[in-house]
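Below is one structure, written out as structure tokens, with a few remarks after it.
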Amino acid sequence: MTVRTQWQIGAWTFDADSARLIDGEKQVPLEHRAARTLELLCRDRGRPVSREAILRQVWSGRSVSANSVAVVIADLRRALGDDAAAPRFIATIPKRGYRLGEEAEAADALPQREPAQPRARWRLATACGIALLAAAVFIAGNLGAHHTTVVVTRTANDTGQAGYQPLATALHALITDRLAERGMDVVPTDRGSAPVRRQHMLWLRSRLILWNGISTLSLESIDASGHVTWSAMAVAPPNGLASETIVQLKRFDAKVRGTDQWRWR
């Protein structure tokens, strides 16, 4: 049985054997773990691949830093020209992992279906109506005063050193993914293309700085009126900053939910 090693991703051809993205004469080499991760996403295309599955198969279950997968996903998006705020290829699925989008099938490749019988159509319409009504009741019950949309702006690299930009990018991905995993309504965005301020919306801003020579992530949330509702600083060397950031995100989660007790996976 022949094992597939090439996939089409938009204009790119991903060759797993050579760990490269190819578009005509343009070739982008991928780091080994990035290539393995993309291969997993390709083999399960259209279905979410969990962070645990990636760690188990790419890192062979070894203990690694909390943002290792986020860093690899950020690298892949950058190589593909993808954007976490409006992904065309790699989407973050809250609480489930990451999914590589399906390519559209040619119309003549789709199986032909028999026309639905009147009774079958009536049953389908009834079932859809019931499902829509249930969804409306669920949404109405959950979009109360505590429903908050969190707009996560890009992490600014204010260290004055370009070498810290990959860390800033990885921290932005970490913040977005972890909040989404908690079931929050997360909107990652550029500062210049952010949505209009509305009620029940918080803006979470982050800046990577050097505080007394130590890498520091400054975090603050701002409400629709422009008031700072929460702020914190994660201080640690670059290889420990992800863990400290997660600690602060736990506190932010507690603040948003209006409780002093929280659980974090």
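Values for this structure:
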read-out	value
Reachable lysines from Lys95, criterion Cα separation under 27 angstrom, eight or more residues apart if same chain	Lys250, Lys255
Using distinct alpha-carbon pairs, which all enter the 1/r mean, Kirkwood radius of region 6-100 in Å	13.4
Neighbourhood charge, 14 Å Cβ-Cβ cut-off, centred on Val58 and excluding it, Lys, Arg +1 and Asp, Glu -1	+1
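Just so you know, all these numbers are worked out from the coordinates, no wet-lab data involved. Since we're looking at a predicted model, the values are computed, not measured. Note that we place each Cβ from the backbone using ideal geometry, even for glycine, and neighbour counts take in every protein chain shown.
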